[in-house]
Ligand SMILES: O=C(O)CCC(=O)C(=O)O
Ligand SMILES: [Fe+2]
């Protein structure tokens, strides 16, 4: 276990060759103070407004993506995962138009990437607290790619760009990654670890010393997890917004979009199919609807 201090940069006018090389090799990179502390405060206020609006209107899903509710440290209901957050906030929507974010798409070269404001899950807010009633204290090992397979597409390169809104030094918990695993074959991508059920630290994992305002970028094929905080209650609070930078055909979601399988299906059930998956199927793209039909429909990413 170690932290990633060797790969921390400031974002200048544009990406440097060194930054691109580091990202290509490790599949992850960190930029310090991508936004200043005032902006972090503004974003937190915006998120609180969005959350109030969604709770008071009784919203359960945004564009077919379920909100994830929990009980906050003050005993009140709150939302621990919001999809398409920018749809409810001009400030956040404007942030997605920041030219520096668009430049990060160069990390996908030779593919052409775009900010997925209205695609996949859009701008996602993750809000973790370590309390008995929290639905979201940690997140088991996974890559972000099988979602493509569940949607019936081939895995396309993508970036997940995290804007961190709370200080999270390495010792406290937070994001852990297996650097370099974005270049693995498809078999390892699916089966290196048990999706979402495996929370065990890996001897080769690396973590981050995060300050509010820092940005991390990871390749969607990289194995990663979120380590539960070593603190409890308010001290454990971790808010991070994820921006997808994606490639491939434009597939916007809208109010009537259906809920995708990966939000319903017990992903750990992938394990049962470990032996039966065949390379020929994997290459064509899997039809997992049969598996979904076989299983209880429940939300899987709760840990
Ligand atoms: O909270 C994080 O930093 C990671 C979240 C994540 O990996 C996910 O939502 O897919
Ligand atoms: Fe992820």
The stretch 4-54 - Rg over Rh from alpha carbon coordinates, Kirkwood radius: 1.17
Cβ crowding within 10 Å averaged over residues, with 119-128, 33-42, 250-259 ranked highest first: 119-128, 33-42, 250-259
Cα centroid of the stretch 95-113 to Cα centroid of the stretch 127-149, whole Å: 25
Gyration tensor (alpha-carbon) shape descriptor, the stretch 160-208, a/c threshold 1.5: prolate
Relative contact order of the stretch 57-112, pairs being alpha-carbon contacts under 8 Å that are 6 or more residues apart, as %: 20
Per-peptide average of other Cβ atoms within 10 Å, ordering 72-84, 168-180 highest first: 168-180, 72-84
Antiparallel content of DSSP bridges confined to the stretch 1-100, in %, to 5: 65
Spatial extent of the stretch 1-123: Rg and Dmax, with the Cα atoms as the point set, Å: 17.2, 49
Order by protection proxy (mean Cβ within 10 Å, highest first), peptides 50-56, 198-204: 50-56, 198-204
Rounded, prolate or oblate (a/c below 1.5 giving rounded, otherwise prolate when a/b exceeds b/c) for the stretch 82-162 by Cα gyration tensor: oblate
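We did not get these values from a lab; they are worked out from the coordinates using the rules stated. Worth saying up front: this structure is predicted, and the values here are computed from it rather than measured. A quick note on method: Cβ atoms are made from the backbone with ideal geometry, for glycine too, and the neighbour counts reach across all protein chains shown.
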